[in-house]
1. For the subset of the stretch 15-51 comprising residues that are part of a loop (DSSP other than H, G, I, E, B) and of a type in the set (Val, Ile, Thr), which member is modelled with the lowest pLDDT?
2. What number of residues in the stretch 52-71 are assigned to a loop (DSSP other than H, G, I, E, B) and at pLDDT below 80?
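The values are calculated or read from the model by the stated rules, or taken from the named source; none is laboratory data. These numbers come from a predicted model, not from an experiment.
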Amino acid sequence: MIATRKSRALGRHVYEPTSKDIRQACEEIQATWSPHERAKRERGARAAWWIPPMIRLSPVVEVINGERADSPPCAGAAGNEAER
C-alpha cells in the first residue's frame, strides 16, 4: 500500500513513501539491470577515489621543441627570410 499524508499547506493528501516502500522500489528497478549495468553501478568506494595518472610534461615539451627546431620554417610565418 502506498503511504500518503495530508499536506498542511495544501490541505490534500500527498505521496510520502516509507523506507520500506523506497527499498522495495529500488529492488524492483535493480532487478531489471543487466550484469553489465550492475557492474557499472557497483564500483563502490574504489571508483570514487580514482584519479588519472600523472605524467611529466617536460619530456613531451622537449620533443615538441626539438621537432620544431629541426623543421623548416612555415611559409608565411613571421620572420621567414625565404619570402622576403
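1. Going through the qualifying residues, I end up with 51.
2. Just the residues of the stretch 52-71 that are assigned to a loop (DSSP other than H, G, I, E, B), to begin with: 52-57, 71.
When the remaining residues are screened for being at pLDDT below 80, the result is 71.
Summing the residues that are assigned to a loop (DSSP other than H, G, I, E, B) and at pLDDT below 80 in the stretch 52-71 gives 1.
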